[in-house]
Amino acid sequence: MASENYDLVITGGRIIDPALGFGSEGHIFVSDGKISKIDKDGPELQKEIAELPDTKKVDATGKLVVPGLVDIHVHLREPGNEYAETIESGCRAAAAGGFTSICCMPNTNPRIDNQETVQFVLDRARHADSRVYVVGSITKNGEGKQLAEIGELVKSGAVAITDDGYYVQNPEIMRRAMEYSIMFDIPVMEHAEDNYLCAGGVMNESYQSTRLGLKGAPAVAEEIAVERDISLARMTGARLHIQHVSAAGSVHAIRRAKEEGVKVTAEVTPHHLILTDEEIGKEFNTNLRVNPPLRTQVDRDAVIAGLVDGTIDCIACDHAPHLIEDKDSEFDKAPPGMIGMETSLALIKTYIIDKGYLGWADAIRKMTVNPARILNLPAGSLKQGEAADIAIIDPDMKWTVTVNDFQSLSQNSPYLGWDLVGRVTATIMGGRIVYQL
Ligand SMILES: [Zn+2]
């Protein structure tokens with residue numbers, strides 16, 4: 001062993017890799033940016049590691065060592081809105097949250113509905129602190145009227161398509177998008193909210209919206225959209241991925257469709273798992289304005305149950321940076337969205353793992369191998385020979401969220417001041433330490 005050259009050894013942590021079914025103490029050896037081997041702990045090995053001359057060592061004693069996290073729903077604001085986020089800053093935020101593979105949404109300016117813009121993003125991301133995968137637009141300029149050149153998008157590197165931000169209202173267009181998606185073996189990702197039913201809505205339509213005098217977007221807007229797309233996926237055989245599921249009725253529909261064998265997958269955000277519309281009336285914090293909106297406790301219970309029973313496959317942040325100046329307005333004037341990558345793991349630890357809904361292995365599964373599989377990404381596992389993309393987590397670290405914890409150019413987080421438990425302390429991408437607390 002001593003004769004081999006390693007670039008990096010991560011020693012002494014508890015390694016959790018749900019894809020490999022691995023969950024015990026061990027050391028990870030990295031060479032040429034790849035996982036060279038994983039060895040179980042032992043005093044003899046410790047000694048050998050200590051003697052490795054030119055090898056960088058990261059001591060992970062008492063920590064968890066997991067595959068680099070994967071987030072398939074991120075808004076980088078470049079090109080077009082670089083004041084709110086750039087590809088570089090968004091990737092720094094990813095690294096700070098333990099994410100080594102992220103998928104960016106196409107609602108930039110210009111929109112990612114053509115080969116040149118896919119290429120632009122991939123070029124800009126080449127030296128960033130996270131791997132970036134591009135999700136192309138379903139329709140030209142995201143207007144829902146005319147299909148984008150889906151073949152061209154895939155050829156230039158897009159891994160999926162979505163009109164995220166808006167629902168593809170025209171079912172005929174969606175049908176054809178699904179038919180193309182089969183030809184190119186990619187999933188269609190859908191922001192499922194009927195545009196007519198949620199027109200003008202700024203929060204969930206409920207007792208709370210009536211009480212606060214704000215226009216509501218009803219849960220049924222999402223449920224109808226999900227049901228329609230499931231019907232189209234059943235007919236076409238396409239792979240449908242429902243983004244940011246928020247309503248109980250959507251969870252039930254997806255559960256039934258999966259039982260039936262329809263190829264549907266789903267994601268949920270930390271905020272829909274943790275927050276409800278009751279939070280909005282407390283301070284009218286505009287960082288709580290998101291699409292789809294925060295819903296009721298019944299919906300929250302349903303998305304948690306869906307996450308636990310596998311109806312919802314993965315957790316995705318929907319990291320959506322906006323400048324504080326833009327968010328500093330009346331609730332109904334603020335642009336929708338919140339950032340999320342720096343706080344995601346800690347929120348899941350504090351509110352999902354510590355509340356007994358999921359164990360570590362299942363939570364990590366929903367943040368690594370599951371999202372990677374939905375988009376066929378070469379990520380989410382510590383398999384020998386794969387890229388050394390690794391997150392190290394202190395599971396017990398207590399911390400309070402402040403603006404200093406954000407690498408994002410934006411700070412629109414409703415979690416500022418929250419006390420959380422668990423934190424990513426180091427992130428390694430391709431054998432390179434891209435973040436260290
Ligand atoms: Zn969306």
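The values are calculated or read from the model by the stated rules, or taken from the named source; none is laboratory data. Since the model is a prediction, treat every value here as computed from it, not as a measurement. With ideal geometry, Cβ positions are generated from the backbone for all residues, glycine too; neighbour counts draw on all protein chains shown. Accessible surface is based on the protein model in full, side chains and every heavy atom, while ligands, DNA and RNA are left aside. Shrake-Rupley method; radii C 1.70, N 1.55, O 1.52, S 1.80 Å.
GLY201 - would you say it is in contact with a Lys or Arg (Cβ under 7 Å, 6 or more places away or on another chain), within 16 Å of the ligand (Cβ to nearest atom) and either part of a helix (DSSP H, G or I) or open to solvent by less than 50 Å² (accessible area, probe 1.4 Å) (or both)? Before the answer, list the steps.
On the way: in contact with a Lys or Arg (Cβ under 7 Å, 6 or more places away or on another chain): yes; within 16 Å of the ligand (Cβ to nearest atom): yes; either part of a helix (DSSP H, G or I) or open to solvent by less than 50 Å² (accessible area, probe 1.4 Å) (or both): yes.
Yes; evaluated as a whole, the condition is true for this residue.
Among the conditions (1) of a type in the set (Ser, Thr, Tyr); (2) out of contact with any strand residue (DSSP E or B) (no Cβ under 6 Å at 6 or more places or on another chain); (3) more than 30 Å from LYS333 (Cα to Cα), TYR196 misses just one, which is (3).
The criterion of at least 3 residues that are open to solvent by 10 Å² or more (accessible area, probe 1.4 Å) and over 25 Å from CYS314 (Cα atoms) is met, among strands (runs of 3 or more DSSP E) falling completely within the range 55-103, by 56-59. Please go through the range 308-333 and give me each residue that is away from the ligand (no atom under 16 Å from the Cβ), in a loop (DSSP other than H, G, I, E, B) and open to solvent by less than 20 Å² (accessible area, probe 1.4 Å), ordered by number. The answer is THR311, and nothing else. No other residue among SER137, SER156 is within 16 Å of the ligand (Cβ to nearest atom), small (Gly, Ala, Ser) and within 26 Å of PRO378 (Cα to Cα) apart from SER137. With respect to ILE150, determine if the residue is within 16 Å of the ligand (Cβ to nearest atom), buried (at least 21 other Cβ atoms within 10 Å of the Cβ), more than 30 Å from ALA346 (Cα to Cα) and not hydroxyl-bearing (Ser, Thr, Tyr). Against the criterion (within 16 Å of the ligand (Cβ to nearest atom), buried (at least 21 other Cβ atoms within 10 Å of the Cβ), more than 30 Å from ALA346 (Cα to Cα) and not hydroxyl-bearing (Ser, Thr, Tyr)), ILE150 does not qualify. Of the residues making up the range 263-285, at least one is more than 16 Å from the ligand (Cβ to nearest atom), over 20 Å from ASN204 (Cβ atoms) and either β-branched (Val, Ile, Thr) or not in a loop (DSSP other than H, G, I, E, B) (or both). Annotation note: of GLY201, GLY249, GLY213, GLY151, the sole residue that is assigned by TED's automatic domain parsing to the domain that holds ARG300 and on the phi > 0 side of the Ramachandran plot is GLY213.
Within the range 379-388, does at least one residue satisfy the condition of being part of a strand (DSSP E or B) and open to solvent by less than 10 Å² (accessible area, probe 1.4 Å)? Checked against the condition, which is being part of a strand (DSSP E or B) and open to solvent by less than 10 Å² (accessible area, probe 1.4 Å), the range 379-388 yields no hits at all. The residues listed here are SER209, SER231, SER246; of these, the one that is in contact with a His (Cβ under 8 Å, 6 or more places away or on another chain) and over 24 Å from THR117 (Cβ atoms) is SER246.
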